[in-house]
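Quick notes on the structure that follows.
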Amino acid sequence: MRYLDALDLQHVHGAELERSDEKIAKLLLLQHQPVYTLGRKTEPHHLRCTLDDLGARTGADVTRTDRGGSVTYHGPGQLTAYLLLNLRVWNLGIHEHLDRLEQVVINALTRFGIPGRRVESMTGVWTGEPPEKVCAIGVSARRWITYHGLSLNVDLDLKMFDEIVPCGLEGKGVTSMAKVLGRDINVTDVEQALVDSFAENYHAKPEIGMV
């Protein structure tokens with residue numbers, strides 16, 4: 001799915017949640033067509049070329065977004081999960097929401113034998129030594145509704161990250177589940193583990209529906 005189409009879809013579901021006091025959440029799982037997204041903390045030195053050159057050199061879309069964090073890449077082979085909920089109805093603060101998103105990924109990675117962990121002062125999930133980021137996390141909230149979420153690198157072209165300073169963290173590497181495991185792995189193999197982990201960490205019962 002194109003990034004901007006997914007953003008429109010989030011806004012549709014977010015508007016529904018604004019009008020409801022029911023304790024429900026909307027979890028959107030998808031893969032994006034190649035795109036670089038620039039979060040609110042993106043600085044010029046986080047790009048290794050101009051915005052125009054970035055798109056021309058890679059063939060990917062380039063777009064600004066209102067999520068937290070800096071620049072990152074989304075593409076096929078990466079499982080993106082957008083979790084929309086009303087923080088007030090769920091009695092959650094935004095930082096607790098971020099902590100839970102990290103734990104969702106850590107628990108899901110454990111099911112594949114990958115030791116994921118947090119790194120102090122750096123949002124996301126990391127693995128290995130020295131630590132490399134396997135999952136980027138960036139969210140926003142408007143009228144108590146959370147938007148955006150996480151992007152777990154399952155098996156994608158990591159060379160696309162060479163054109164940027166991923167998440168604005170100079171000198172920090174990016175990895176994927178496939179690289180860590182030393183074998184191919186399909187996004188569909190990870191989806192259920194991620195859904196189960198969302199259900200566990202948000203104490204919710206998942207129901208499958210059409211978006």
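The values are calculated or read from the model by the stated rules, or taken from the named source; none is laboratory data. All figures in this text were calculated on a predicted structure; none of them were measured in a lab. Cβ coordinates were reconstructed from backbone atoms using ideal geometry, including for glycine residues, and neighbour counts include every protein chain displayed.
Observations
- Condition check for V89: in contact (Cβ under 8 Å) with a residue 40 or more places away in the chain, over 16 Å from the mean Cα position of the chain (by Cα), at negative phi and surrounded by 16 or more Cβ atoms within 10 Å (Cβ to Cβ): yes
- Of G59, G14, all but one fail to be modelled with pLDDT of 95 or more and in contact with a Pro (Cβ under 7 Å, 6 or more places away or on another chain); the exception is G59.
- Just one of the numbered conditions (1) touching a Leu at 6+ places or on another chain (Cβ under 6 Å); (2) over 17 Å from V139 (Cβ atoms) is not true of R64: (2).
- Some residue of segment 66-81 being more than 13 Å from the chain's Cα centre (by Cα), farther than 26 Å from D155 by Cα and in contact (Cβ under 8 Å) with a residue 40 or more places away in the chain: yes
- Of the residues examined, R64 is not one that is modelled with pLDDT under 95 and more than 27 Å from A199 (Cβ to Cβ).
- Assessment of segment 122-131 against the conditions (acidic (D, E) and closer than 21 Å to A193 by Cα) yields no matching residue.
- Segment 142-193, residues that are surrounded by fewer than 14 Cβ atoms within 10 Å (Cβ to Cβ), in a helix (DSSP H, G or I) and touching a helix residue (DSSP H, G or I) at 6+ places or on another chain (Cβ under 6 Å): none
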